[in-house]
Amino acid sequence: MLNFHVITLFPELISTYVETSIIGRGIKAERLSVKTYNPRDFATDSYRKVDDTPYGGGAGMVLKPEPFFAAFESIERLPDSPVLLMSPQGERFAHNSAAKLAETEVDITILCGHYEGFDERIRTLATRELSMGDYVLTGGELAALIVIDAVGRLVPGVVGKHLSVQTESFADGLLEGPQYTKPPEFRGMSVPEVVRSGNHKLIAAWRRQEALRRTFERRPDLLEHAELDKIDKRFLETIKDSNESR
């Protein structure tokens with residue numbers, strides 16, 4: 001079982017989401033657990049204060065270290081397990097990061113910020129800082145849910161057909177190619193004959209080529225790190241030549 005421990009001022013934002021859909025099924029199947037810890041419950045004053053004005057002046061309020069450290073120290077977790085701090089200053093979270101966490105970890109602790117930011121001493125709790133992109137959110141809860149969803153669904157037994165998560169975008173360094181279902185024709189748009197042929201070898205080759213084509217057209221930067229064989233490279237050359245001749 002993979003255990004997520006989320007330190008957050010808004011535990012209801014986490015619990016509402018994880019009780020639904022695939023992550024909720026993973027929890028019911030005892031493949032995942034998601035527990036929340038509210039720093040307000042560890043504040044020592046009657047107002048349950050978790051923030052204060054910044055030293056040196058400035059706008060907004062800064063989260064205090066005492067209640068965050070107390071919340072963190074209350075967690076029953078493996079001592080060497082990762083502690084992820086959600087921050088726009090962190091490394092970009094990607095599929096490879098999610099896959100590695102799903103494969104190697106039993107406990108993952110996530111720190112969610114709010115207001116104007118953390119007291120810098122809270123950062124010492126983290127083993128990694130993760131960013132969802134070059135933008136700022138009002139709180140770390142959305143980012144934490146992205147991590148829980150992206151990592152949790154890769155745990156065996158969470159998604160019904162585990163093969164489906166192995167063939168999605170980014171799983172092999174490429175974007176996923178097009179998918180089709182019934183009916184074979186809809187408003188003049190037809191399902192390609194090859195995917196209706198029943199020839200699984202041809203279908204697999206077609207899907208690989210379409211993944212290469214879509215990645216080349218939409219995210220060519222991914223091709224720099226994708227594992228490509230001679231057939232893949234030859235196909236990409238034909239796409240490049242075709243585009244140049246237009």
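Taking the range 221-237 as the search range and keeping residues that are assigned to a helix (DSSP H, G or I) and surrounded by fewer than 11 Cβ atoms within 10 Å (Cβ to Cβ), which one is nearest to the chain's Cα centre (by Cα)?
Checking each candidate, the answer is ASP221.
Scanning the range 176-194 for residues that are closer than 27 Å to PRO220 by Cα and touching a Pro at 6+ places or on another chain (Cβ under 9 Å) turns up PRO178, TYR180, VAL191, PRO192. Annotation note: of ARG48, ARG77, the sole residue that is at positive phi and in the same structural domain as SER97 (by TED's automatic domain parsing) is ARG48.
Residues of the range 170-204 that are surrounded by 14 or more Cβ atoms within 10 Å (Cβ to Cβ), under 30 Å from ALA102 (Cα atoms) and without any contact (Cβ under 8 Å) to a residue 12 or more places away in the chain: ILE203 alone.
Which ranges mark the strands (runs of 3 or more DSSP E) fully within the range 1-98 that have 2 or more residues being in contact with a Lys or Arg (Cβ under 9 Å, 6 or more places away or on another chain)?
On the way: elements: 2-7, 32-37, 83-92.
It comes to 2-7, 83-92.
Residue pairs whose Cβ atoms lie under 9 Å apart, separated by 6 or more positions or on different chains, with the first residue in the range 56-81 and among the polar types (S, T, N, Q) and the second at pLDDT 95 or above and exposed (fewer than 15 other Cβ atoms within 10 Å of the Cβ), are SER74/ASP41; SER81/VAL106; SER81/THR127. Scanning the range 107-129 for residues being touching a residue at least 60 places away in the same chain (Cβ under 8 Å), part of a loop (DSSP other than H, G, I, E, B) and among the charged types (D, E, K, R) gives a total of 1.
Based on what the data block shows, is VAL83 surrounded by 18 or more Cβ atoms within 10 Å (Cβ to Cβ) and either of a type in the set (A, V, I, L, M) or on the phi > 0 side of the Ramachandran plot (or both)? Walk me through how you get there before you give the answer.
Details: surrounded by 18 or more Cβ atoms within 10 Å (Cβ to Cβ): yes; either of a type in the set (A, V, I, L, M) or on the phi > 0 side of the Ramachandran plot (or both): yes.
So VAL83 fits the description; yes.
Scanning the range 17-51 for residues that are within 24 Å of LEU101 (Cα to Cα), surrounded by 17 or more Cβ atoms within 10 Å (Cβ to Cβ) and among the aliphatic types (A, V, I, L, M) yields VAL18, ILE23, ILE27, LEU32, VAL34. Yes or no: ARG207 outside the structural domain of ASN96 (by TED's automatic domain parsing), farther than 22 Å from HIS95 by Cα, surrounded by 10 or more Cβ atoms within 10 Å (Cβ to Cβ) and touching a Pro at 6+ places or on another chain (Cβ under 9 Å)? Spelling it out, it is not the case that ARG207 is outside the structural domain of ASN96 (by TED's automatic domain parsing), farther than 22 Å from HIS95 by Cα, surrounded by 10 or more Cβ atoms within 10 Å (Cβ to Cβ) and touching a Pro at 6+ places or on another chain (Cβ under 9 Å). For the residues ALA94, ALA126, ALA150, ALA143, the requirement of being over 29 Å from LYS64 (Cβ atoms) and surrounded by 13 or more Cβ atoms within 10 Å (Cβ to Cβ) singles out ALA150.
The values are calculated or read from the model by the stated rules, or taken from the named source; none is laboratory data. Small disclaimer: the values here were computed from a predicted structure and weren't measured. Cβ coordinates were reconstructed from backbone atoms using ideal geometry, including for glycine residues, and neighbour counts include every protein chain displayed.
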